[in-house]
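This report concerns only the one structure given below.
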Amino acid sequence: MARWKPDLREAEATPEALYLRRREFLRLGAAGAVGTAIGAVPLPALAGPDDPAGEVLPVSRKVDMAGGEKATTWKSVTTYNNFYEFGTDKSDPAERAGSLRPRPWTLAVDGEVKRPLALHVEDILKLAPLEERIYRHRCVEAWSMVVPWVGFPLAELVKRVEPTSRARYVVFQTLLDPAQMPGQRSRVLDWPYTEALRMDEAMNPLTLLTVGLYGRVLPNQNGAPLRVVIPWKYGFKGAKSIARMRFVETQPRTSWAILAPSEYGFYGNVNPAVDHPRWSQAKERRLGEFFRRDTLPFNGYGAEVAGLYAGLDPRKLY
Ligand code: MTE
């Protein structure tokens, strides 16, 4: 992240409509269309470039874990991204990730497990009911969003492979294929993008194996077809387009920590009290907002996860 700078710009995107309100509007529109039958307004006319697009996922329940805050617009969530496999500018992934082919896709799960698996995405979608989880999403660069992700707890997948007693960490690796991911031709990072969690972090019910957002399949730029979301950590811990999960005994080296060990630790927990060596982490800018706001310890999820780190030096948790 040698290139990274804190994000101090003013509103990047104006929320043009509230996600939930628009949904309500569409729902009422549909009901109205049934009611009037002839002369009903065709729904597609209501859809604009800011509306969620892509295949709809069957969501069994919705959980708001962002304190009722409105979600960042679909447009911002899908056009302001970090995905270095497609370039280092925020707009690159949305413009260039069309070369990624998220189907067919196989996830290999191996290492210290009794039942190694190779799973097609379609089968992963059937492992557990899909939930919408609205989470705060905080990037180490000091911008943030509120995102309605779709997925299920990673623990559901982990249980299926039966980790051995030696499994202490789980490693996530993004696909390695420069033909689909042209950014891998330049050595900005050590490819494939590699991140990892301690087993108890991976098993925490907040850790989401994520397949969609806004009720739709993940757009390529957000990590199709499969990524992990760990809401109490900086965004870089959440590897995108995962091709392999490996259970290991010793703490692995991860992409950003290899690039800049003095700047990125293993834990990556959101901590406003520990500055990045080049900028403060005390505040953040929510996309769509003008004023910066205070960053919350553990991104506001301390009640759920602080206990995982009892006894560890808080400065090491970054
Ligand atoms: N995963 C891969 N494979 N490559 C990346 O460059 N960037 C990370 C993370 N996962 C990244 C990645 C960073 S720094 C952030 S902040 C989040 O993805 C951004 O996720 P979003 O674009 O869906 O908001």
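Summary of values
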| read-out | value |
| --- | --- |
| Kirkwood-based shape ratio for segment 197-241, expressed as Rg/Rh from alpha carbons | 0.98 |
| FRET efficiency estimate (nearest 0.05) - Cβ-Cβ, E156 to R278, R0 30 angstrom | 0.20 |
| Segment 221-270: relative contact order in percent, alpha carbon pairs under 8 Å with at least 6 residues between | 36 |
| Solvent-accessible area, 1.4 Å probe, carbon plus sulfur percent, for segment 11-309 | 56 |
| In Hz, Karplus ³J(HN,Hα) per residue of segment 258-266 (6.51, -1.76, 1.60; θ = phi - 60°; x = Gly, Pro) | 5, 5, 9, x, 7, 9, 10, x, 6 |
| Rounded to whole Hz, the Karplus (6.51, -1.76, 1.60) HN-Hα couplings of segment 202-216, x for glycine and proline | 5, 8, 4, x, 6, 6, 10, 7, 10, 10, x, 8, 6, x, 10 |
| Point-to-point label distance, R61-Q251, nm (Cα→Cβ direction, 7 Å offset) | 3.5 |
| Bridge type composition, segment 11-309 - antiparallel percent by DSSP, nearest 5 | 75 |
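The values are calculated or read from the model by the stated rules, or taken from the named source; none is laboratory data. Quick caveat: nothing in here was measured; it's all calculated off a predicted structure. Cβ sites come from the backbone with ideal geometry, for glycine too, and all protein chains shown count toward neighbours. Accessible surface areas use protein heavy atoms only, side chains included; no ligands, DNA or RNA. Shrake-Rupley method; radii C 1.70, N 1.55, O 1.52, S 1.80 Å.
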